[in-house]
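Trainee: Got a structure for you, written out below as structure tokens; questions coming shortly.
Computed from the coordinates by the stated procedures, all read-outs in this text should not be read as laboratory data. Keep in mind that this is a model prediction, so the values were computed, not measured. All Cβ positions, even for glycine, are placed from backbone atoms using ideal geometry, and neighbour counts span all protein chains on display.
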């Protein structure tokens with residue numbers, strides 16, 4: 001993989017940080033997770049109910065919405081989704 005070859009070319013003194021994100025860790029090539037590559041894993045859970053409301057409010061703050069739009073109802077329907 002070209003990505004692995006490029007990452008192996010960095011030295012610790014170069015100050016290069018590579019950050020990646022995935023929703024499917026099980027599909028990653030195990031070579032990506034070796035020390036010196038992506039060896040730190042930070043798990044981020046899907047948002048809770050209040051978090052989903054906040055996400056919906058952020059994404060719709062500049063969008064005119066009908067008065068009938070109920071963010072709480074939408075947030076319930078978005079369970080398991082991320083923003």
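Trainee: Based only on other Cβ atoms within 10 Å, what is the fewest-to-most ordering of 37, 24?
Mentor: 24, 37
Trainee: Continuing with the same structure: Arrange 54, 68 by Cβ neighbour counts within 10 Å, fewest through most, would you?
Mentor: 68, 54
Trainee: Okay, next question. Averaging sequence separations of C-alpha pairs under 8 Å and six or more residues apart, then dividing by the length of the chain, give the relative contact order as a whole percent.
Mentor: 30
Trainee: Still on this structure, please answer the following. Give the angle, between 0 and 90 degrees and rounded to the nearest 10, that separates the Cα long axis of helix 49-60 from the longest principal axis of the Cα atoms of the chain.
Mentor: Result, in degrees: 90.
Trainee: In addition: Top mean-square fluctuation among 29, 48, 67, Gaussian network model of the chain, C-alpha springs under 10 Å?
Mentor: Highest fluctuation among the options: 67.
Trainee: Separation between the residue 62 and residue 4 pseudo-spin-labels, each 7 Å from Cα along Cα→Cβ, expressed in nm?
Mentor: Label-label distance for residue 62 and residue 4, simple model: 4.2 nm.
Trainee: Using 7 Å Cα-to-Cβ label points, what is the residue 48/residue 69 separation (nm, one decimal)?
Mentor: Calculated label separation equals 2.5 nm.
Trainee: Extension gain residue 25-residue 37, at 0.36 nm per residue separation less the Cα-Cα distance, in nm?
Mentor: That works out to 2.9 nm of additional length.
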